[in-house]
Amino acid sequence: MTPPGEVARVLERARQAQAEWAQKPLRERCALLRRLREVMFARRQEIAEVITREAGKPRVESLLSEVMLILDTADYYARKAPKMLRPERVPHHSLAVKAKSAWLQYEPWGVLGVISPWNYPISIPIGVLIPAIVAGNAVVLKPSELTAWCGALVGELFEQAGLPAGVLQIIQGKGDVGAALIEGGPDKVIFTGSVATGRRVAEACARKLIPCVLELGGKDAMIVLADADLEIASSAAVWGSFTNCGQACLSVERLYVEQSVAEKFTQICVAKTRKLKVGRGLDGDTEIGPMIRAGQVTRVEEQLRDAVARGARVRTGGARRTELGDCFFEPTVVTGVDHSMLLMQEETFGPVMAICPVVDAAEAVRLANDSAFGLGATVWTRSARRGREIAGQLKVGTVMVNDVASYFAICEAPHGGRGASGWGRTHSKHGLLELVQVKYVDVDRLPRVPKSWWYGYSEELGVAADRFLEMLFAPTFRERLGSARGALKTLFRGHRI
Ligand code: NAD
């Protein structure tokens, strides 16, 4: 545990380390990422085991949704960061500034505060740390108190890869340590977690005018049109709803299925759900591990009770598996749901699939958009054209057509939401750009020519200024040309103060 009073010292150390780290050539920082990838690859089994022991998810998921993602992320930024961070020439469109050459430069923010959750305790923090560090920042990471062991492992992996001391520091503890991190004044905060905490983080950042990225909860909708391949779509729905025991921000939580196929689709989902093996994550054939803590199970039970009281029907599951422990809950399929229910309004974050028949795609879109959240959505149809059309109507950060959730592991895909799902992006070039400051550098090509707007105002200059606007913006070329002489003559008459 890090005493909150220690955090200021940690930040100070980060500031000193960052100053040196940012001076290293980018190729050296990219080489660090290649070494990190080697270290993580060599220790992949151990990383997966630590995740599964601490967070409970099946080992296959630890390997595929965590270890694979961080290996690929290290590879991606080691290759792409030099191009993404290279100063970018700015071609000016306006004649008024043709005599200037300019660049965009991408500079590190300095010290970043990264606060992360327990549900992807390795891939979420490392997915931010890799671009943050290659861009020349130092990071103070506050992992979830529920996965402190994974948090410590993150620090160990970077250290083994040769990251200089102080560039990444891990502080451990509960929310008070996260709050102390923000209070200590990092240059930017990257927060991933619940809406309630996100709001507190945003308020604390606002008080200190610290910018922040907020990756918050989700209530992702899956739209299944009548022409979808129901076998494939149902397998995706079952996996998308229950992976990591439903504890993923981009879990499928609401399904809107065209009514002509809704009952058939539901029956297939129920049959597939009943076959899933619930058990301990370390057992090789486990498909549904435990939830993170009993309180999380209670929340799921409350939502189910509310839904049933309002007329919903549990088609399979719906109960704890107490013989396995307090945190094991059966994967559950519910029908007869509507938007008056907590189950359709609040994030469930548990193994529950709620299926709602709809008249047509338009109703599905309307209901999908009827949510405070806006993280992701998925559309199932044999028509790629319809899929893209519907994707365009959904108010979310990401839409997958005929796949679910896997975009989180696609390095080129920006991740982030709208509304209560937060703001800003992680992953991809857009995620990297959140971790740098953009500086515009402008070099005048005519340094000996004074600018005519540097005082010496007069009636004559006013007329010339107006001619100048005509020259630039008059509707026809002839009018522009007509104004050019008068404008330029006066404007370039030389500076008079
Ligand atoms: P949480 O909000 O309880 O905690 C997240 C982190 O914030 C933890 O490290 C916690 O210690 C810290 N924290 C708590 N209070 C704080 C405070 N006042 N100031 C600063 N830090 C504080 O979330 P959780 O239960 O760990 O994670 C689950 C939530 O995260 C779900 O809502 C899920 O949807 C969301 N999530 C979102 C994404 C995404 O990318 N959008 C990804 C994963 C999880």
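The values are calculated or read from the model by the stated rules, or taken from the named source; none is laboratory data. Source: prediction; values computed, not measured. Cβ atoms come from the backbone with ideal geometry, glycine included; neighbour counts cover every protein chain shown. Just the protein is used for accessible areas: all its heavy atoms, side chains included, with ligands, DNA and RNA removed. Shrake-Rupley method; radii C 1.70, N 1.55, O 1.52, S 1.80 Å.
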*asked:* Every residue in the stretch 437-453 that is of a type in the set (D, E, K, R) and closer than 30 Å to I133 by Cβ, please.
replied: K439, D442
*Would you call V401 over 29 Å from the mean Cα position of the chain (by Cα) and either at pLDDT 95 or above or assigned by TED's automatic domain parsing to the domain that holds I124 (or both)?*
no
_Is it the case, given these coordinates, that G198 is in contact (Cβ under 8 Å) with a residue 40 or more places away in the chain, small (G, A, S), more than 18 Å from P117 (Cα to Cα) and in the same structural domain as Y77 (by TED's automatic domain parsing)?_
no
*asked:* Return the residues of the stretch 419-430 that are within 11 Å of the ligand (Cβ to nearest atom) and either part of a strand (DSSP E or B) or open to solvent by less than 10 Å² (accessible area, probe 1.4 Å) (or both); say none if nothing qualifies.
replied: S421, G422, W423, T426
*Is there a residue being open to solvent by 40 Å² or more (accessible area, probe 1.4 Å), away from the ligand (no atom under 13 Å from the Cβ) and not acidic (D, E) anywhere in the stretch 139-149?*
yes
*Under 6 Å by Cβ, and 6 or more places apart or on different chains, what pairs join a residue from the stretch 248-269 that is more than 18 Å from G376 (Cβ to Cβ) with one that is of a type in the set (A, V, I, L, M) and open to solvent by 30 Å² or more (accessible area, probe 1.4 Å)?*
E258/A226; S260/A226; V261/A226
*Could you give every pair whose Cβ atoms fall below 8 Å, whose first residue belongs to the stretch 362-377 and is more than 16 Å from the ligand (Cβ to nearest atom), and whose second residue is in a helix (DSSP H, G or I), counting only separations of at least 6 or pairs across chains?*
A364/I390; V365/I390
*Could you please find all residues in the stretch 260-299 being of a type in the set (S, T, N, Q), within 15 Å of A233 (Cβ to Cβ) and open to solvent by 30 Å² or more (accessible area, probe 1.4 Å)?*
S260, Q267
_Let me spell it out: the conditions are (1) more than 14 Å from the ligand (Cβ to nearest atom); (2) in contact with a helix residue (DSSP H, G or I) (Cβ under 9 Å, 6 or more places away or on another chain); (3) open to solvent by less than 40 Å² (accessible area, probe 1.4 Å); (4) not hydrophobic (A, V, I, L, M, F, W, C), and G155 meets all of them except one. Which number is the exception?_
(2)
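Conditions tested, residue by residue: (1) under 30 Å from G424 (Cβ atoms); (2) under 24 Å from the mean Cα position of the chain (by Cα); (3) of a type in the set (A, V, I, L, M, F, W, C); (4) in a helix (DSSP H, G or I).
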{"site": "M291", "(1), (2), (3), (4)": "yes, yes, yes, no"}
{"site": "L304", "(1), (2), (3), (4)": "no, no, yes, yes"}
{"site": "V333", "(1), (2), (3), (4)": "no, no, yes, no"}
{"site": "V337", "(1), (2), (3), (4)": "no, no, yes, no"}
{"site": "E363", "(1), (2), (3), (4)": "no, no, no, yes"}
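A quick yes/no check of all residues on (1) within 16 Å of the ligand (Cβ to nearest atom); (2) within 30 Å of L71 (Cα to Cα); (3) in contact (Cβ under 8 Å) with a residue 24 or more places away in the chain; (4) more than 18 Å from the chain's Cα centre (by Cα):
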residue	(1), (2), (3), (4)
M353	no, no, yes, yes
V379	no, yes, yes, yes
G397	yes, yes, yes, no
G417	yes, yes, yes, no
*asked:* Please pick out the residue among E389, E459 that is outside the structural domain of W103 (by TED's automatic domain parsing), modelled with pLDDT under 95 and open to solvent by 60 Å² or more (accessible area, probe 1.4 Å).
replied: E459
*Please specify each residue of the stretch 418-456 satisfying the condition of being among the aromatic types (F, W, Y) and at pLDDT 95 or above.*
W423, Y440
*Extreme residue, least open to solvent (accessible area, probe 1.4 Å), among residues of the stretch 158-182 that are over 23 Å from the mean Cα position of the chain (by Cα) and over 27 Å from V39 (Cβ atoms)*: A180
*Which residues, counting only those in the stretch 86-129, are of a type in the set (G, A, S) and within 16 Å of the ligand (Cβ to nearest atom)?*
G113, S116, S123, G127
*Here is a list of conditions, (1) open to solvent by less than 50 Å² (accessible area, probe 1.4 Å); (2) in contact (Cβ under 8 Å) with a residue 40 or more places away in the chain, and R35 meets all of them except one; can you say which number that is?*
(1)
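Let's see how each residue does on (1) in contact (Cβ under 8 Å) with a residue 40 or more places away in the chain; (2) surrounded by 15 or more Cβ atoms within 10 Å (Cβ to Cβ):
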| position | (1), (2) |
| --- | --- |
| K439 | yes, no |
| L446 | yes, no |
| W453 | no, no |
| A465 | no, yes |
| A474 | no, yes |
*Out of the stretch 190-224, which residues are open to solvent by 50 Å² or more (accessible area, probe 1.4 Å) and aliphatic (A, V, I, L, M)?*
A196, A206, L209
*In the stretch 159-187, which residue that is closer than 14 Å to Q18 by Cβ and not small (G, A, S) is nearest to the ligand (Cβ to nearest atom)?*
P186
*Among the helices (runs of 4 or more DSSP H) confined wholly to the stretch 100-188, which include 1 or more residues that are free of Cβ contacts under 8 Å to residues at least 12 places away in the same chain?*
148-160
